[in-house]
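Laboratory data are not the source of any read-out in this text; all were calculated from the coordinates shown. Because the structure is predicted, anything quoted here is derived from the model rather than measured. Cβ: placed from backbone, ideal geometry, glycine included. Neighbour counts: every protein chain shown.
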Amino acid sequence: MVAELRQVHEAAGDPDIERMPSDEEIYGALLYTEKHASALRRCAAAVQQSAALKRVQLWEYLREQADVHQLRAVTDARGAGAPWVRLAPALAVAAPSAAYNKAKRLQAVTLVDGTAKARPVRRTPEAVLEAERRQALEAEAERRRQEAAERSHRLLLPVARRLVEQREALVLDEDAEYWLDEISAVLPDCVTPTQMLSLSRYLAAAVRSLRKHEQRTAVPVASTQEAHAAYLAAAALQAEPGASPGA
């Protein structure tokens, strides 16, 4: 965008264009184009408007970047033990509470609301605190999902092995036979994440087949307590929140 402004000034015959800072020096380039806006007076109104709007966008970008970096500085100061009373004058406010509120407002540029469009959070301490609360809840929910997934992962091999071991005591149809064969084939060398995912899907399919067969025939799926316990363990594992897709 700075390069586009440079091209506009060059096309307008700006006599001082060589003094315009480089494209990477956004702040300096903005000060230059502001000071030399009169060089565009001979241009069409649309060109002048476009150049001014580009300056508006670039100032907005710098303001947002300044907020981000100032927030990092505040965070570092607080991490080093600086009290809010010392941060107040640095943030150009009169009281520690005002410094705290300003820091919260700065955080708004790093947060989004909970809507589908994920809009930036309003610049109020209350809105930022609500966004932080929502993020904390989401992080806690994700932590629980991860824990459930890890628990399911640890149980997957022994549960699948136990079900296969009770095969002779299970009432199987053609589908259940197929999926138990697949489980038996992958079990001996099941170590990689891909193999574990396949095993989880095979186990889920076996449980579905056993359940459907039991519902269709009204015959218990297991003929012994051990087999029944193995079937229930497999079904319970598939009901875990962390169970794989398709389970």
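List of remarks:
- Packing-based order for 19-25, 70-76, using average beta carbon neighbours within 10 Å, highest first: 70-76, 19-25
- Under 5 Å between amide hydrogens, built in the peptide plane, is the criterion, and for A222 it picks out V171 among residues at least 5 positions away or on other chains.
- The computed log10 I(q)/I(0) by the Debye sum over Cα atoms at q = 0.08 Å⁻¹ for the structure shown corresponds, within [x] -0.64; [y] -0.32; [z] -0.27, to [x].
- Within straight-line reach of K104, meaning a Cα separation under 18 Å, sit the following aspartates and glutamates at least 8 residues removed in sequence or on another chain: E64, D67, D76, D113, E126, E130, E132.
- Our coupling estimate for the range 187-201, obtained by passing each phi through the Karplus curve with A = 6.51, B = -1.76, C = 1.60 and θ = phi - 60°, is 4, x, 10, 7, 9, 7, x, 5, 5, 5, 5, 4, 4, 4, 5 Hz, Gly and Pro reported as x.
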